[in-house]
Amino acid sequence: MGAALPVFSTSRPGIAGLYGIKYADAPSTPAIINQVARWNGTEWKRLGGVVHANAMTELLVDGRWNLVVAGEQAISTSKPVDVVRWDGERWHEMAFCPGWITSMTTWDDGSGTSLYAGFWSSTFYPPLSTQGILRWTGTEWVSVGGGVYGTTSQVGSVLDMKVFDDGTGPALFVLGRFNRAGGPGGIPANNIAKWDGTNWHALAGGVGWGLSLAVADDGRGPSLFVGGLFGYAGGGQVGGIAQWVGCKGNRQCYADCDNNRILNANDFQCFMNRFAAKHPHANCDQSTAAPTINAADFQCFLNKYAQGCP
């Protein structure tokens, strides 16, 4: 059966396993290129149905866990469908997304868990096709606060999404190609933004050409990491990877710059070093207007230091 590229794993009952994209065994079998396969402990077994699959996630449907897959061609040619679900036994048609889906995830914004899709935008099916991110209600795609927008291209695209709590509550973080969030009249947001279920929020000065998001604990508590082909993040210079720490509890207190859980003179020195290096952390007031790191950040740090840590 050859090899497959693992792209998703789950322990949910009924669909538990490692799933990947199985490539054709030979050039003479183009019909099975990029089909979804499941690892059975010995080899990859195709599930069939989807060709050119490019994103997967899990979703609870009618009390049963399903594997949701976005692909170029789905299980039926009777109507345009590029999102399908596998209930552990068979495929079910779900929806047609008006864009090339790059990532999917599920998140509860307080009104129940929904499926979110991020995609490369186009002007073919406006207005939804231009927004880069949509939410599936169970019957249709709807806008996510106006989506994201690029003032030059007139569309916004999303490449990756992660649910993360940066200290203000769980939210959906999106990464892509855009400079506004919330539509053409939305807030300035350079390629990365946070959706809290009601409003969009910018992340300081944003990032350059980001490609992927990951949540990991570096010893200070969970942080959101951004990887890509960029040289700046939050107004400071970085080398292709940046970290969004947020401010979550004692371990994430902004004024505790050196993260030793004690506020003292060392934190002032730590902040000054980061300010001099134009480190993204030094953009205390999260300003987006250039220069993002300026004298106002000193006052911001002093205020946060005076407030102390919880």
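Quick look at the values:
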| item | result |
| --- | --- |
| Residues that are outside any loop (DSSP other than H, G, I, E, B) and either of a type in the set (Val, Ile, Thr) or touching a residue at least 60 places away in the same chain (Cβ under 8 Å) (or both), drawn from region 196-226 | ALA202, VAL207, VAL215, LEU224, VAL226 |
| Hits in region 100-113 (condition: out of contact with any Gly (no Cβ under 6 Å at 6 or more places or on another chain) and at positive phi) | GLY112 |
| Subset of region 118-140 that is under 18 Å from the mean Cα position of the chain (by Cα) and among the hydrophobic types (A, V, I, L, M, F, W, C) - its residue that is farthest from GLY208 (Cα to Cα) | TRP136 |
| Residue within region 140-162 that is touching an Asp or Glu at 6+ places or on another chain (Cβ under 7 Å) and closer than 21 Å to THR57 by Cβ present | no |
| Pairs, first closer than 16 Å to GLY71 by Cβ and of a type in the set (D, E, K, R) in region 39-61, second modelled with pLDDT under 85 and surrounded by fewer than 16 Cβ atoms within 10 Å (Cβ to Cβ), C-beta under 7 Å, six or more apart | ARG46/ILE32 |
| Residue check for GLY138: out of contact with any His (no Cβ under 9 Å at 6 or more places or on another chain), in contact (Cβ under 8 Å) with a residue 60 or more places away in the chain and either β-branched (Val, Ile, Thr) or surrounded by fewer than 18 Cβ atoms within 10 Å (Cβ to Cβ) (or both) | no |
| For ILE32: the one exception among (1) surrounded by fewer than 19 Cβ atoms within 10 Å (Cβ to Cβ); (2) modelled with pLDDT of 85 or more | (2) |
| Residue selected from region 153-209 under the condition more than 10 Å from the chain's Cα centre (by Cα) and aromatic (Phe, Trp, Tyr), by the criterion nearest to ILE241 (Cα to Cα) | TRP209 |
| Single match in SER114, SER103 (criterion: touching an Asp or Glu at 6+ places or on another chain (Cβ under 7 Å), modelled with pLDDT of 90 or more and buried (at least 17 other Cβ atoms within 10 Å of the Cβ)) | SER103 |
| Residue that is modelled with the highest pLDDT, among those in region 141-161 that are hydroxyl-bearing (Ser, Thr, Tyr) and surrounded by fewer than 21 Cβ atoms within 10 Å (Cβ to Cβ) | SER143 |
| Residue pairs meeting the criteria (Cβ under 6 Å; at least 6 apart or on separate chains; first closer than 16 Å to CYS270 by Cα and modelled with pLDDT under 90, in region 297-310; second hydroxyl-bearing (Ser, Thr, Tyr) and in a loop (DSSP other than H, G, I, E, B)) | LYS304/TYR254 |
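The values are calculated or read from the model by the stated rules, or taken from the named source; none is laboratory data. If you're wondering where the values come from, they're calculated on a predicted model, not measured in any experiment. Cβ coordinates were reconstructed from backbone atoms using ideal geometry, including for glycine residues, and neighbour counts include every protein chain displayed.
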